[in-house]
């Protein structure tokens, strides 16, 4: 186990009706907020009205910035920063999924930065940020209590990340009821994203990390079990709740304590969703099995343990490889059962820009830690996915 | 799943040599601390010298209060409060195990309270406390990141608890190397205490808590596995590290999110360790199996799941009871293998004060949540343990 620091300070407010506490949570910080959200879905569900009423009643002024979209865009981030400055905003309330929260974090980081906000995405240290809080409506990205944000620059379609403890939300309100109305495909994409966060952390070269291995396995088993329940019963509160809480735990860095995650599949997928604007979760259900097929020989025992414990694959004592390949098949079958693609074709990618994507991804090479991926490795993974 | 709030703000600094960061962690708070510890063990191991050197070099003044002992005493807490007032202390550094940290928390709470500190233990709300931090040397109580403290009043030997977010340490330094020198029995008592924290949370009447069930099972499996490794190799860093980190996770309230723990066994045990001054962990290895035997029929499926998943007991489809009794036997066997008692006699209790203990415990009845325990139930559990 490696040395580590763990300090996650986001206050989680979880359960039925918790969005009604929004004013009470914001009050200690400010009475002037930017209300940042995506499209119209929060208006359709009544959440928007409920928030506006709560804020108004509590005397909290708010300026609105709608329009955050999946794979959130730098353009809107710049607009948000300008708006916050003009309107003397000192707190951002993000309402939505990971895209909205990531967009809010980028605005928060850019607010105090003298240069253009995109410069922060090339590794400049974030020294200060506006505080933010969120109401989560899509369990997936884990952004609600993480210090991370991923934004897409429309110029060249680069998708890049920033990381800073200043970006961790002060509070996150999670009401599983708000997720009942998510379409099945979007729910499935969220599940895939959560699983990917867990698997990225699982496949580490750090030895002797028994406890976190087991915590990751436990979380994955719960996500898989409850995803299938939700597929048949979208209004099952408890199953929605398990997935929502798992989504937070999967990405609050507890499960990466003492170990170094891989994150290669995320980077390989980022080029895919930047190039084709596909849902991140759907890209991951394609890339992750392909990545596994490409790398399992790096430490096959880890894969045997994983598929035995998480998917109940019997260990074939004559062939670790058979055990692992059976496991990957079960993972793919699970994704398919959830209505997710596991090949580029199923994802709707019909042209061949694999070389171009590999070139772009390789700009940040080597990717990953479990196996260091260079240009040819990345291309090979796209190739495996393209069957 | 129940609604919940989760907000654990303790910064964890984990790994080899981390005690050397002590001055750097204290500096942002103060340059005048109370250094609270137990007996001479930290002097023998060199930890005491290392801390004094770090503090002195950083210009941090410190006043010492040694003498905290297992089942920490109210007398010393009162002394600590007086000392902090006299010396204008504004931060407490606790160095040791749960007893020292609990003692420090009680001092911190009593510092700002106008009446006698023991009054807080009857449920008066704690509105303010001195900030504290700790260097943990015994993984067991989980006090290093919890808002709880348990203190024994020598007058009548009452053992009672306080709870307040003000009592959560600002930071906790955990270096598994500091636990190499723990005697085998003390290590085993710590393991028992950690397991009890997990099992108290596991046995809940709240339905559909799949994720936290699985996280608790995962933590227990890791503790059991690594306890046996440490038994044979006390200097195994990774196994010590797993147990130490599990001890924190077991009690930082993450694993009680959305559910209500039982805590009956802890209360039943408290009378035992208050009456006989036995190690808390040894009392728990006696009481927990007895409690299980008394209550399993309250929700036998939960026990079947527990022993199947945690101890690998095959489910006997003809008899849930046989499955559970086989499981309890395995738990007892594990405790015995660790050198822990599982009966009152093995604990060294030879006289019969079961009635007196039951009377005292029943003052706070009903105890527990999985099954509400009244005086006769408590007596029956002592009786089961007394074979």
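Each reported figure results from applying straightforward, stated rules to the coordinates on display, with no laboratory input. Keep in mind that what you see is a predicted model, and the values were worked out from it rather than measured. Cβ atoms come from the backbone with ideal geometry, glycine included; neighbour counts cover every protein chain shown.
The order of the peptides A:302-315, A:245-258, B:349-362 by mean Cβ neighbours within 10 Å, most packed first, is A:245-258, A:302-315, B:349-362. When both bridge partners sit in the protein assembly as shown, DSSP labels roughly 30% of those beta bridges antiparallel.
Chain B's nearest residue to the axis relating it to A, judged by Cβ and reported with the distance in whole Å, is B:218, 2.
A convex hull fitted to the Cα coordinates of the stretch B:101-184 yields 95 cubic angstrom per residue. Distances between equivalent label points of residue A:59 across the copies, with each point positioned 7 Å along Cα→Cβ, amount to 4.3 nm, shortest listed first. For chain A, the 222 nm mean residue ellipticity estimated from helices alone, with every DSSP H stretch of n ≥ 4 adding -39500 (n - 2.57) and the total spread over all residues, rounds to -15000 deg cm²/dmol.
How many Cβ atoms of partner chains, on average, are near each residue of A:231-239 if near means within 10 Å of its Cβ?
On the way: counts 0, 0, 0, 0, 0, 1, 2, 6, 3.
Mean inter-chain Cβ contacts per residue within 10 Å come to 1.
Put simply, the Cα atoms of the stretch B:11-178 extend 40, 30, 26 Å along their principal axes, the longest span coming first. With both partners inside the stretch A:11-178, how many of the DSSP beta bridges are antiparallel, as a percent to the nearest 5? Of the beta bridges lying entirely in the stretch A:11-178, close to 20 percent run antiparallel.
The protection proxy used here, the mean number of other Cβ atoms lying within 10 Å of each residue, ranks peptides A:230-240, B:194-204 as follows, highest first: B:194-204, A:230-240. Under the criterion of Cα pairs below 8 Å and six or more residues apart, the relative contact order for the stretch A:301-387 equals 21 percent. Taking every alpha-carbon pair under 8 Å whose residues sit at least 6 apart, chain B reaches a relative contact order of 16 percent.
Average projection, convex hull of the Cα set of chain A: 17.9 square nanometres. The other copies place their residue B:353 label points at 7.8 nm from this one, listed shortest first, where each point is 7 Å from Cα along Cα→Cβ.
In terms of the mean number of neighbouring beta-carbon atoms within 10 Å, the peptides B:168-179, A:4-15 order highest first as B:168-179, A:4-15.
Taking every residue in A:203-212 and counting other chain Cβ atoms within 10 Å of its Cβ, the average works out to 5. In this calculation the C-beta distance from residue B:301 to residue A:90 is compared with R0 = 60 Å, giving a FRET efficiency of 0.70. Based on Cα atoms of the protein assembly as shown, Rg over Rh with Rh as the Kirkwood radius reads 0.97.
Histogrammed with a bin width of 10 Å, the alpha carbon distances of the stretch B:315-384 distribute as 18, 31, 39, 11, 0 percent, first bin at zero.
The distance from the alpha carbon centre of the stretch B:183-204 to that of the stretch A:191-215 is 25 Å, rounded to a whole number.
Ascending distances from the residue A:319 label point to its copies in the other chains, with the point 7 Å along the Cα-to-beta-carbon line: 4.2 nm. The residues A:270, B:148, when put in order of fewest to most other Cβ atoms within 10 Å, stand as B:148, A:270.
To the nearest 0.05, what FRET efficiency results for residue B:63 and residue B:345 with a Förster distance of 60 Å applied to their C-beta separation?
0.85
Contact order, relative form, for the stretch B:184-385: 27 percent (alpha carbon pairs under 8 Å, 6 or more residues apart, mean separation divided by residue count). Rounded to the nearest 5, the antiparallel percentage of DSSP beta bridges internal to chain B is 25%. Between the stretch A:333-377 and the stretch A:94-137, what is the separation of their alpha carbon centroids in Å? Distance between centres, Cα-based: 27 Å.
Each 10 Å bin from zero up to the one holding the largest Cα-Cα distance in the stretch B:184-385 carries the following percent of pairs: 9, 36, 39, 15, 1.
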